[in-house]
Amino acid sequence: MKGKKWGISVVLLVIMMVVSACGQSAAQQKDQTAESKDGVITLKVADSFPTSHNLSQEGAVYWMDRVEELTDGKVKFEYFPAEQLGKADDLLDAAKNKVADVAYVGIGYVADKLPLSGVGELPNAFDTSVKGTKAYWKVTQDILLEEEFLKNGIRPVYAVTLPPYQVMTTQKPVKELSDMKGIKVRSGGGAQSLTIEKLGGTPVSMPAPEIYTAMERKTIDGTVFALPSVKPYQLEEQLKYITENANLGSFIVSYCINENVWQSLPDDVKAAMTKAGGETMEHLSQYLDDLTEKEKKEFMAKGIEFTEVDEEAIQKKTKAVWDDWAKELNKRGLAATKVVDSFREALEE
């Protein structure tokens, strides 16, 4: 009898050891990056942009190429553009849940999860992508990384603020503030919606890939958008009027890596990604500023009319957006005033 009990105990002990080992193996695999037998780290990158989009070619692809160069091929990427791994507003979850290792996160699309991070989308903050990007990245590293990104299981590898947004319409030009009343304007969400409301328009939140169809079906009268983003979505086929001095904020394009994946990477790879991120922000923001002037000339030649609006009147209206945005988030116990002050200081540097 004793021998049987002893034998059963040994069997149970072996089973427990096997189960424990399997559990450890699964946990280890979960935290590890995809690494092939030859030591190459392969990461999946996902975004919503068509491959012809400047944010793809001059942003994501530029960053991936630089990481591969800086790591001498130790890191390789599998690229899934054009919403292959999820809709634009679902890609934060794709990175968080490791459907992708790195994913595009449009901050306005996820204002419910990254509300403070929308500070870079407030109106009349900056006049160039270069200036806005530098200031926003400083606030990201100083505050937003800990306050929001890491709490969502992701870490930004780079982020760019697009050139100032203008009002773009299909039927009616916007020359006076009164022209905004009653028109349905696509918004990227967050601060953009507040801005449109302050100017008398009706914001309709939707991701950029849906704008063309919405204009074609006349479910919206226009959009607030950056000039470099018009052609990638073929919106020039629908637009007739664009403001040239409205400065209705911006949109933040960030690419974020799953935090567990980041922590599993060797230090030299982290350093390479950080360096590549800095280079990408510098390259892409300058590219977008240069492209803004080029696209304006091209659109004018195609017959799209550019209109000037009363800047002073718009500034008075949009100034309240900053206060309302901060007050709303402060009520939720978030450090909105601190973030706004930090962003303003960064813009002045």
Query - Cα gyration tensor of the range 243-308 - equivalent ellipsoid semi-axes, whole Å, descending - result: 38, 13, 9
Query raised in the report: Of the peptides 328-339, 251-262, 52-63, how do they stack up when ordered by the mean number of other Cβ atoms within 10 Å, highest first?
Result: 251-262, 52-63, 328-339
Requested in this report: Pop out the carbon and sulfur fraction of the accessible area of the chain as a percent, whole number, probe 1.4 Å.
Outcome: 50 percent
Query - Mean-position separation - Cα centroids, the range 55-94 and the range 103-130, in angstrom - result: 20 Å
Query raised in the report: By how many degrees, between 0 and 90 and to the nearest 10, does the Cα long axis of helix 2-31 differ from the longest principal axis of the chain?
Result: 20 degrees
Query - Ranked order, Lys296, Lys113, Lys87 - accessible area, probe 1.4 Å, largest first - result: Lys87, Lys113, Lys296
Report summary line: With every protein chain kept in place and a 1.4 Å probe, the range 269-349 has an accessible area per residue in Å² of 58 Å²
Report task. Scan (1) 1.25; (2) 1.08; (3) 1.16 for the value of Cα Rg over 2.2 N^0.38 Å calculated from this model and give just the label. Result -> (3)
Query raised in the report: Which percent, to the nearest 5, of DSSP beta bridges fully inside the range 147-264 are antiparallel?
Result: 70 percent
Query - Three semi-axes of the equivalent ellipsoid, the range 58-155, Cα gyration tensor, whole Å, largest first - result: 24, 18, 14
**Report entry** Expected 222 nm ellipticity per residue - DSSP helices of 4 or more, -39500 (n - 2.57), all of the chain, to 500
**Finding:** -13500 deg cm²/dmol
Report task. Could you tell me the distance between the Cα centroids of the range 305-337 and the range 200-261, to the nearest Å? Result -> 19 Å
Query raised in the report: Nearest-5 percent of antiparallel DSSP beta bridges in the chain?
Result: 55 percent
Report task. Would you mind checking Lys134/Lys294; Lys87/Lys218; Lys131/Lys231; Lys74/Lys96; Lys270/Lys338 for any pair whose Cα atoms are more than 26 angstrom apart? Result -> Lys270/Lys338
Report task. Mind checking the range 148-217 for trypsin sites (Lys or Arg not before Pro) that DSSP puts in a loop (not H, G, I, E or B) and that have at most 12 other Cβ atoms within 10 Å? Result -> Lys181, Arg217
Report summary line: Checking rank on 159-168, 283-292, with mean other Cβ inside 10 Å and highest first, the result is 159-168, 283-292
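The values are calculated or read from the model by the stated rules, or taken from the named source; none is laboratory data. Source: prediction; values computed, not measured. Every residue, glycine as well, gets a Cβ built from its backbone with ideal geometry; the counts of neighbours run over all protein chains shown. For the accessible areas, the whole protein counts, side chains as well, though only heavy atoms, and no ligand, DNA or RNA atoms are used. Shrake-Rupley method; radii C 1.70, N 1.55, O 1.52, S 1.80 Å.
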